[in-house]
Amino acid sequence: MIQLEQDLLAKNNAFAAENRKKWHDEGVFALNLVSSPGSGKTTLLTATIERLKERVAIAVVEGDQQTTFDADRIRATGVPAIQINTGKGCHLDAHMVGHAVEQLGVRQNSVLMIENVGNLVCPAGFDLGEAHKVVILSVTEGEDKPFKYPDMFAAADLMILNKIDLLPYVTFDVEACIRHARNVNPELRVMQLSATTGENLQEWIDWIESGAREQRQAKEETIAELRQRIAQLEAQLERK
């Protein structure tokens, strides 16, 4: 069992490395959105797309065990989306995402949103090649989730605390939740927002746009370095 798990993860990591290099070379800013079911991932995605689609090209990979409901919601915004149904599988892996992105024909200098299967366990261990793993937790869940599922919060770069418009109606300790999350991952960035009302959503939008700019700049720097190296090699050949 241990050897099988190691082989599986090693193979996934190899595919993830290929995805990461390809997306880096093409200036694609990829985000892996993870959460338990019902956190509001798809609502957050559609709200994000509506605010961003006129300024940056966006494509979406949707992961679910069954149905195409979420991909249909995304396509209704006018953005290309592809659905991956995992059947009994509880997560997306780098190989299936790489194939999906090829089918989508993701444009260079774009944002790629990967909505993972609703699960706070399995997706934590599978790198997809993304720039960031973003964990979404809603205030309708328990504030102890970071302690219950530490691997996911340890693997994430950003935690979005969603549905804050419902705080007056639920028993949820925001400060305790953030404290628990940062006990697991001291470097974790936290945003509190409501995808439904749009409260604080701009902070998330700004973060995506900043990351996309950095990805494009990294691509241009790589191209410039390659051109410089080619020029140096050509100069060496001329001297010979």
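A short reminder: the numbers here are calculations on the coordinates, not readings from a lab. Model, not experiment: these values are computed from the prediction. For neighbour counting, all protein chains shown are included, and Cβ atoms are generated from backbone atoms with ideal geometry for every residue, glycine included.
For the chain, the longest principal axis of the C-alpha atoms and the axis of helix 2-26 are separated by about 60°.
When each of LEU128, LEU233, LEU161 is scored by the number of other beta-carbon atoms lying within 10 Å, the sequence from fewest to most is LEU233, LEU161, LEU128.
In this structure, the residue pairs whose Cα-Cα separation is over 31 Å, taken from LYS21/LYS145; LYS88/LYS145; LYS22/LYS88; LYS53/LYS133, are LYS21/LYS145. Between THR222 and HIS99, take the C-beta separation as r, use R0 = 22 Å, and let me know the FRET efficiency to the nearest 0.05. For THR222 and HIS99, the calculated efficiency is 0.35.
Centre-to-centre, using Cα atoms only, region 49-91 and region 123-156 are separated by 20 Å. Given the alternatives [x] 30, 19, 18; [y] 32, 25, 16; [z] 33, 21, 19, semi-axes √(5λ) of the Cα gyration tensor in Å as computed for this entry is given by [z]. Label-point separation (nm) for THR196 and VAL170, each offset 7 Å from Cα along Cα-to-Cβ? That separation, rounded to one decimal, is 0.9 nm. Measuring from each cysteine beta-carbon in the chain, the ones with no other cysteine beta-carbon under 4.7 angstrom are CYS177. The packing ranking of peptides 37-45, 79-87, 133-141, highest mean first, is 133-141, 37-45, 79-87, where packing means the average number of other beta carbon atoms within 10 angstrom of each residue. Taking the Cα centre of region 2-239 as origin and assigning +1 to Lys and Arg Cβ atoms and -1 to Asp and Glu Cβ atoms, the resulting dipole is close to 280 debye.
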